[in-house]
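Scroll down for the structure; my scribbles are underneath it.
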Amino acid sequence: MTAGEHALIVLAHPRPDSLTAQLAHHVRDRLGQAGFSVDVLDLHAEGFDPRMQPVDEPDWADRDKVYSPEVQAHFRRLDSAGMIVVVFPVWWFGLPAVLKGWVDRVWNYGLAYGRAESRLHGKRMLWLGLVSYTQEQFAERGWDEPVARLLREGISEFCGITHASAHFIYDSLNAGEAAFTSADLALRAFA
């Protein structure tokens, strides 16, 4: 981890007392201790609207389209970070609706992709997903690699972030302190 770097932590869970929220704050504290300046974007607490509106729909004929003020503000936060950590529950083997809508609206054509070099190029990204299954159950059902690949390649790499990792915290309903240990290991391995 690089001291003095700016990190954006994106939290996607409706309950502020959830394990997901606790892990996001744990990551914030760890990065702060390592010398990062940290911005926590709590999508629910900040009232982010994940619904796509015409003003934020990509215009394939105009990569310089001016998107809504909300999208512009969120992209500035994303753009200012050297490191992005997204903490979320894996629901229905994918992203929760608020997080999927954030990616759809904010990681938009002309901003996150669609140029010779993405504005997100050179950033580092860690996806921390909480899974209720054990690691064995998740792998047996064949979900571990498809979900990780979607996050790493389908979103991060597609938008120019070549240093991206997906880490799952398994058995999240029973993980307890092991969840924090797992998050610490992911941060250390990622940095």
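In percent, how large is the relative contact order of the chain, given Cα pairs closer than 8 Å and 6 or more residues apart? Provide the component values of the computation, followed by the final result.
Working: 315 pairs, mean separation 43.7, N = 191.
This gives 23 percent for the chain.
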Find which of Thr134, Val55, Gly176 sits farthest along the positive direction of the dipole of the chain, computed with +1 on the beta-carbon of Lys and Arg, -1 on that of Asp and Glu, about the Cα centre. Val55
Return the loop-located chymotrypsin sites (Phe, Trp or Tyr not before Pro) in region 17-99 (DSSP other than H, G, I, E, B) with at most 16 other Cβ atoms within 10 Å of their own Cβ; answer none if there are none. Trp60, Trp92, Phe93
For region 82-191, listing trypsin sites (Lys or Arg not before Pro) in a DSSP loop whose Cβ sees at most 16 other Cβ atoms within 10 Å gives Arg115, Arg119, Arg141
Distance between Cα centroids, region 127-154 to region 164-191: provide it in whole Å. 13 Å
If you take Cα extents along the principal axes in Å from the coordinates, which of [x] 61, 47, 28; [y] 53, 43, 28; [z] 48, 38, 30 do you get? [z]
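Can you compute the helix-only [θ] at 222 nm over the chain? Use -39500 (n - 2.57) per DSSP H run of at least 4 residues, normalise by all residues, nearest 500 deg cm²/dmol. Could the numbers behind the result be given before it?
Working: 6 runs with 62 residues, N = 191.
It comes out at -9500 deg cm²/dmol, rounded to the nearest 500.
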Could you grab the Rg to Rh ratio for region 1-107? Cα atoms only, Kirkwood for Rh. 1.00
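To the nearest 20 debye, what charge dipole does the chain have about its Cα centre, counting +1 at the Cβ of each Lys and Arg and -1 at the Cβ of each Asp and Glu? All intermediate terms of the calculation are to be shown ahead of the outcome.
Working: 18 positive and 25 negative charges, 57 e Å.
Computed charge dipole of the chain: roughly 280 debye.
List the equivalent ellipsoid semi-axes of region 49-100 in whole Å, largest first, each obtained as the square root of 5λ for an eigenvalue λ of the Cα gyration tensor.
On the way: eigenvalues 106, 54, 19 Å².
Square roots of five times the eigenvalues give 23, 16, 10 Å.
Quick note: the coordinates plus some simple rules give every number you see, no bench work behind them. This structure is a prediction, so every number in the text was calculated from the model and none was measured. Cβ sites come from the backbone with ideal geometry, for glycine too, and all protein chains shown count toward neighbours.
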